[in-house]
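The structure under discussion appears below in the form of structure tokens.
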Amino acid sequence: MSILTKNIGDFLLDVVFPKKCASCSKLDTLFCEKCRSKIIFLKTQNCPFCLKITTRGRVCPSCKSKSALTGVYVIAHFDGPLKEVIHQYKYEFVKALKDDLADVAWPYLEDFPKNAVLTCVPSSPKRLAWRGYNQAEEIAKILAQKTGMRFYPSLLKRTEYKIPQTQLRRKERFENVKNAFKIDRKIDLEGKQVVIFDDLVTSGATLDACAGEIRKMGATRVWGFVLARNK
Ligand SMILES: [Zn+2]
Ligand SMILES: [Zn+2]
């Protein structure tokens, strides 16, 4: 596609679907300054499983034996405008919001070592077909560009869950995702720290299952890095 055709395409898109804030509908922006200023960033981090306060969201000593994760870093409260923006990005196909969400996230990635490797939670084949993109991968790609971190989008592949996670209780979620992820692209991660990006964390079961597979490639620490915690 030439630049001209692309610009005309963008222009037509703007006419048919004028840009407006995903939260307050202000025109000419997808996520306005005012709504953005309402994001409540977390001041403390928690163990992803028992929610005890820990440094940078490390898994606490009592939960450690149950998990392959080193910890899960959560950026903000899942509330207000951020919640609406994530919802539109995930379920209403406003793909362009990936830039705004990456903007919110990337400064917090600076807390991780520069030589850490970035990856993302793979979509299930059904979700990918429905949405047309892996929402976590789109953001992670921008995060890698902004931070200079090495990015491997397809370390893992995902099979269909037997039952959608949302229909299950906490304990059942861990059972359900067991064996749902397999190594897709074997990379030597010996001695490396790996950061798995996802939009939301709920029980931590998905990130934990991914971390288990990533550990098999030699990674010493595997972190989850998410926009918010969905209760
Ligand atoms: Zn707004
Ligand atoms: Zn814990």
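Given the structure, is residue 35 under 24 Å from residue 106 (Cα atoms), within 16 Å of ligand 1 (Cβ to nearest atom), surrounded by 17 or more Cβ atoms within 10 Å (Cβ to Cβ) and without any contact (Cβ under 8 Å) to a residue 60 or more places away in the chain?
yes
Can you tell me which of 171, 178, 186, 157 is more than 16 Å from residue 71 (Cβ to Cβ) and in contact with a Pro (Cβ under 8 Å, 6 or more places away or on another chain)? Walk me through how you get there before you give the answer.
On the way: 171 fails: in contact with a Pro (Cβ under 8 Å, 6 or more places away or on another chain); 178 fails: in contact with a Pro (Cβ under 8 Å, 6 or more places away or on another chain); 186 fails: in contact with a Pro (Cβ under 8 Å, 6 or more places away or on another chain).
None of the other options fit; the residue is 157.
Among residues belonging to segment 182-218 that are in contact with a Gly (Cβ under 8 Å, 6 or more places away or on another chain) and free of Cβ contacts under 8 Å to residues at least 60 places away in the same chain, point out the one that is surrounded by the most Cβ atoms within 10 Å (Cβ to Cβ).
Among those residues, the one meeting the criterion is 218.
Does residue 127 satisfy the condition of being free of Cβ contacts under 8 Å to residues at least 12 places away in the same chain, surrounded by 14 or more Cβ atoms within 10 Å (Cβ to Cβ) and of a type in the set (D, E, K, R)? Break it down into steps so the answer makes sense when it comes.
Working: free of Cβ contacts under 8 Å to residues at least 12 places away in the same chain: yes; surrounded by 14 or more Cβ atoms within 10 Å (Cβ to Cβ): yes; of a type in the set (D, E, K, R): yes.
Spelling it out, residue 127 is indeed free of Cβ contacts under 8 Å to residues at least 12 places away in the same chain, surrounded by 14 or more Cβ atoms within 10 Å (Cβ to Cβ) and of a type in the set (D, E, K, R).
Tally time: how many residues in segment 14-50 are farther than 17 Å from residue 223 by Cβ and part of a loop (DSSP other than H, G, I, E, B)?
Filtering segment 14-50 down to residues farther than 17 Å from residue 223 by Cβ leaves 14-41, 43, 50.
Narrowing further to those that are part of a loop (DSSP other than H, G, I, E, B): 17-19, 21-26, 28-32, 37-40, 43, 50.
Counting residues in segment 14-50 that are farther than 17 Å from residue 223 by Cβ and part of a loop (DSSP other than H, G, I, E, B) gives 20.
Considering only residues of segment 24-38 that are among the charged types (D, E, K, R) and within 24 Å of the chain's Cα centre (by Cα), which is nearest to ligand 2 (Cβ to nearest atom)? Steps first, answer last, please.
Start the filter on segment 24-38 by keeping residues that are among the charged types (D, E, K, R), which leaves 26, 28, 33-34, 36, 38.
From what is left, the residues that are within 24 Å of the chain's Cα centre (by Cα) are 33-34, 36, 38.
On the way: 33: 37, 34: 37, 36: 32, 38: 30 Å.
Of everything passing the filter in segment 24-38, 38 is nearest to ligand 2 (Cβ to nearest atom).
Go through 86, 142 for me and flag whichever is within 16 Å of ligand 1 (Cβ to nearest atom) and either buried (at least 17 other Cβ atoms within 10 Å of the Cβ) or within 27 Å of residue 24 (Cβ to Cβ) (or both). Show your work before the answer.
Details: 142 fails: within 16 Å of ligand 1 (Cβ to nearest atom).
Selected residue: 86, the only one of 86, 142 that is within 16 Å of ligand 1 (Cβ to nearest atom) and either buried (at least 17 other Cβ atoms within 10 Å of the Cβ) or within 27 Å of residue 24 (Cβ to Cβ) (or both).
Being over 18 Å from the mean Cα position of the chain (by Cα) and basic (Lys, Arg) is the filter here, so list the residues in segment 146-167 that pass it.
162, the sole residue that qualifies.
Against the condition in contact with a His (Cβ under 6 Å, 6 or more places away or on another chain) and within 16 Å of ligand 1 (Cβ to nearest atom), how does residue 40 come out, does it pass? Steps first, answer last, please.
Values: in contact with a His (Cβ under 6 Å, 6 or more places away or on another chain): yes; within 16 Å of ligand 1 (Cβ to nearest atom): yes.
Yes, satisfied.
Give me the helices (runs of 4 or more DSSP H) completely within segment 77-191, filtered to those with at least 1 residues that are at pLDDT 90 or above and on the phi > 0 side of the Ramachandran plot, ordered by residue number. Spell out the reasoning first.
Working: elements: 80-91, 97-109, 125-131, 135-147, 170-177.
Of the helices (runs of 4 or more DSSP H) lying wholly inside segment 77-191, those with at least 1 residues that are at pLDDT 90 or above and on the phi > 0 side of the Ramachandran plot span 80-91.
For segment 207-231, name all the residues that are among the polar types (S, T, N, Q) and modelled with pLDDT of 95 or more. Walk me through it before giving the result.
Here is the first cut: in segment 207-231, the residues among the polar types (S, T, N, Q) are 220, 230.
Across segment 207-231, the qualifying residue is only 220.
The values are calculated or read from the model by the stated rules, or taken from the named source; none is laboratory data. The structure displayed is predicted, hence computed values, not measured ones. Positions of Cβ are generated from backbone atoms using ideal geometry, with glycine treated the same way; all protein chains shown enter the neighbour counts.
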